[in-house]
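Visitor: One structure, as structure tokens, below. Some questions next.
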Amino acid sequence: MAVTFKQVVEVLDPDEPEYASAATLGPDALPHLRTLIEGDDRAMASKAVVLAGRIPGERSAELLSLAAGSREPAVRVAAAFAARNLPETVREDLLLRLLEDSDLGVRKFALKAVPPTVSPAVRTKVSALSESEEHPALRELSRTIIARSGGSDRPPRPS
Amino acid sequence: MIVGLGIKRTGDWTSSFVQDLDTQGFLKRTQELFDKRGLRLLYFTTYMSGRQRRWAGVYRSGNWGHRFIHDMSSDTFVKTTQKLFDDEGLRLEAMDTYVQGGKQLWAGSYRSGDWGHRLHIDRSRQAIIDESNALHKQGLRLTTVRTYVKNGQQMWAGIYRSGNWGNRLLLDRDFASFAKDTQDLFDTEGLRLVDVTSYMVDGKRRWAAICRSGDWGIRWFFALNRQHFAAVNQALFDEQKLRLTAMSYWDQLVPTVRLHVKTLVEPDIPIDTMVANMRTVFATAGIGVEVASRESLSLPALEDLDVGELSEATEEEQELWSHRNNVETNELPVYFVRNAPGLNGEALFIDGQPGCMVASYASNWTLAHEIGHLLDLPHCDDPKPPDPNAVPALLDRLMTGRGTGKITNPPPDLIKSEVTEMLASKYSIDS
């Protein structure tokens, strides 16, 4: 049975939505989530991003990518938060953008979404943050990620 | 807890209200309001907060002469009142009496005028009734009444003023009959409540009041603590332009939720509005809400809080919950953050420590809803869709799980079983 916009709004209206249950709406909910992500209600947009991250599939990654380009920090923060739920194979492109975000909260959640196995490109970004990140807790988190991946916490020297 | 009853009426004058000032602070503030804003003390009351004497006052714009005296013995008060009348034409307009150092003391505020005027103190209950009736026939109306205990006897004092309006004195009412009788007098005779005082008789709280004829709009309100009093007073001014003209404060045990507001980021809806809304709905359960402290927390890395999957507390939630400055046993911290991805708010016990978080985009009622959870209230309409066993939404209830932003009949309801649960919670402290 097709999922309606009203059904999607209904599961996201609560102060504390139950995302595991809401995710059972499945991929048919994604077009409606896109509408909410592109809308003016940042609370609903943020929740829509989180739900999108809980629905398996490449189209979810597209919505998180859309959210990562939002002008609204709350929506980008939600995208970075939700990135942890994406398969590692589709997470990298999103992380590369989010790790460069101007917003501290976005960078924090992006760092937290970095998978145990770090690609060279992501590792380079994280390594750069371990030196340049303005907030000490995020610098420390960056270094932990680099150490966890078995490398140095220094960015590669330019050749 | 100091609870209060305020009387408000329509009017177009500049008005100001102060409370919780010590004697010197009250004198200074009264003088400042006179000097800088031309405001005259209209009404005042004094009460004890812990072991400290405190004063509350209502001021209004005007151009009359004005005087305030305090800490007078009964004899001195009567003599001073007569002298101010004889020498300066000042009439006693408001008074209060209190015990300090074992002595019955008096305070009064006076204003210039041309009306007839009388002060009677140390009257028995029957005497004040008989005198007020007799003086009524002579064209003097009782405008203020106070009661106190002298040599084990309940005594009464009254201020009279010349006039030809309808007037009624109510004595020894319990709260229900006070509320009913003042409403009946308004409905049947057009009499407006103008003065009220509360006192104890044989271990029971009683109210005395004066109602008079008039054509102004009037509203009285009851508040569960002084913050509640100030908030309701301000709201009635903002929304209905009603001016405070009289009030009575008294000490009474009130189940109270004591909040510690800890702000990382100011929310879209002002915190004071959320607290006021919470007070409104909790007051329907007879529970007061008091903001015990306010603190700004500079924790940039926690402004966007990692709430994980809600199954267990995240490291960030644990860190945030550890900021408990000033929070005593059975008191509740509330943390205002910028984002909590996917949530408007949450209530958690971490290592047995209660607390809640509210995101910047939360609704008017999210704070009250989350505190409701901490007081053991579950959602009233779970399970929710898309669960096949979902029940209909109850959007007129505070504890709806379908989104407090959709509440349809503000203030939302608390049902009897919820009130019972809240009153049994250790976080509604009798104070």
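Visitor: Taking the C-alpha atoms of region A:49-159, how large are the radius of gyration and the largest Cα-Cα span, Dmax, in Å?
Guide: My reading of the Cα-based Rg and Dmax gives 13.3, 43 Å.
Visitor: Could you grab the Rg to Rh ratio for region B:34-112? Cα atoms only, Kirkwood for Rh.
Guide: Result for region B:34-112 is an Rg/Rh of 1.00.
Visitor: Any idea what % of Cα-Cα pairs in the protein assembly as shown are farther than 47 Å?
Guide: So the pairs more than 47 Å apart make up 33 percent of the total in the protein assembly as shown.
Visitor: Further question: For B:Lys36, give me every one of the lysines with a C-alpha distance below 20 angstrom, ignoring sequence neighbours fewer than eight places off in its own chain.
Guide: Candidates past the 8-residue exclusion: B:Lys28.
Visitor: Going by how many other Cβ atoms sit within 10 Å of their own, how do B:Trp220, B:Trp165 line up, fewest first?
Guide: B:Trp165, B:Trp220
Visitor: Follow-up question, since we're still on this one. To make sure I understand, if each residue's beta carbon is the centre and we count other beta carbons within 10 Å, what order do B:Trp64, B:Trp321, B:Trp156 fall in, fewest to most?
Guide: Taking fewest neighbouring Cβ atoms as first place, the list is B:Trp64, B:Trp321, B:Trp156.
Visitor: If you find the alpha carbon centre of region A:78-140 and of region A:1-77, how far apart are they in angstrom?
Guide: Spelled out, the Cα-based centre of one part sits 21 Å from the other.
Visitor: Related question: For a quick size check, give me the Cα extents of region B:1-155 along its three principal axes, largest first, whole Å.
Guide: Projected onto the principal axes, the Cα atoms of region B:1-155 cover 42, 40, 32 Å.
Visitor: Give me the three principal axis extents of chain B from the C-alpha atoms, as integers in angstrom, largest value leading.
Guide: Principal-axis extents of chain B (Cα, largest first): 77, 44, 43 Å.
Visitor: Per residue, how much space in cubic angstrom lies within the convex hull of the C-alpha atoms of region B:228-283?
Guide: Measuring per residue, one finds 104 Å³ for the Cα hull of region B:228-283.
Visitor: Quick one: which residues, 5 or more positions from B:Asn339 or on another chain, have an amide H under 5 Å from its amide H? H modelled 1.01 Å from N in the peptide plane, none for Pro or chain starts.
Guide: Long-range HN contacts for B:Asn339: B:Asp304, B:Leu305, B:Ser360.
Visitor: Multiply the residue separation of B:Ser431 and B:Asn63 by 0.36 nm, subtract the distance between their alpha-carbon atoms, and state the gained length in nm to one decimal.
Guide: 128.3 nm
Visitor: Pick from B:Pro267, B:Pro341, B:Pro385: which residue has the top mean-square fluctuation in a GNM of chain B where Cα pairs under 10 Å get a spring?
Guide: Evaluated over chain B, the most mobile residue of the options is B:Pro385.
Visitor: Label B:Ser417 and A:Ser132 with points 7 Å out from Cα along Cα→Cβ: what is the distance between them in nm?
Guide: 5.9 nm
Visitor: While we're here: Please quote Rg/Rh for region B:254-376 to two decimal places, taking the Kirkwood radius as Rh and restricting both calculations to Cα atoms.
Guide: Rg/Rh for region B:254-376 comes to 0.93.
Visitor: I've got another one for you. Label B:Asn133 and B:Ser311 with points 7 Å out from Cα along Cα→Cβ: what is the distance between them in nm?
Guide: In this crude spin-label approximation the distance works out to 7.8 nm.
Visitor: Hey, another quick one. Please give the calculated 222 nm ellipticity per residue for chain B, where each DSSP H segment of at least 4 residues contributes -39500 (n - 2.57) and the sum is spread over every residue; nearest 500 deg cm²/dmol?
Guide: -8000 deg cm²/dmol, from helical runs alone.
Visitor: Now for a different question. Ratio of region B:179-227's C-alpha Rg to 2.2 N^0.38 Å, to two decimals?
Guide: For region B:179-227, the normalised Cα radius of gyration comes out at 1.30.
Visitor: Scan around B:His117 for amide H atoms under 5 Å from its own, H built in the peptide plane at 1.01 Å from N, and keep only partners 5 or more places away or cross-chain.
Guide: For B:His117, whose amide H was placed from the backbone, the distant partners under 5 Å are B:Ser162.
Visitor: Then there's this: Set the Förster distance to 56 Å, then compute FRET efficiency between B:Trp115 and A:Asp40 from the Cβ-Cβ distance, nearest 0.05.
Guide: 0.40
Visitor: Put a dot 7 Å past each Cα toward the Cβ at B:Trp165 and B:Leu253; how far apart are the dots in nm?
Guide: 3.9 nm
Visitor: Mind checking which aspartates and glutamates have their C-alpha under 15 Å from B:Lys8, skipping anything on the same chain fewer than 8 residues away?
Guide: By straight Cα distance, B:Lys8 reaches B:Asp195, B:Asp215, B:Asp238, B:Glu239.
Visitor: May I ask you to sort B:Ser360, B:Ser213 by Cβ crowding, counting other Cβ atoms within 10 Å and putting the fewest first?
Guide: Ranked by crowding around the Cβ, least crowded first: B:Ser213, B:Ser360.
Visitor: Determine, for chain A, the count of lysine pairs separated by eight or more sequence positions (or lying on different chains) whose alpha-carbon distance falls under 25 Å.
Guide: Number of lysine pairs found: 5.
Readers should treat all values here as calculations from the given coordinates under stated rules, not as data from a laboratory. As the structure is a computational prediction, the values presented were derived from the model and not from experiment. Here Cβ is always computed from backbone atoms with ideal geometry, including for glycine, and neighbour counts include all displayed protein chains.
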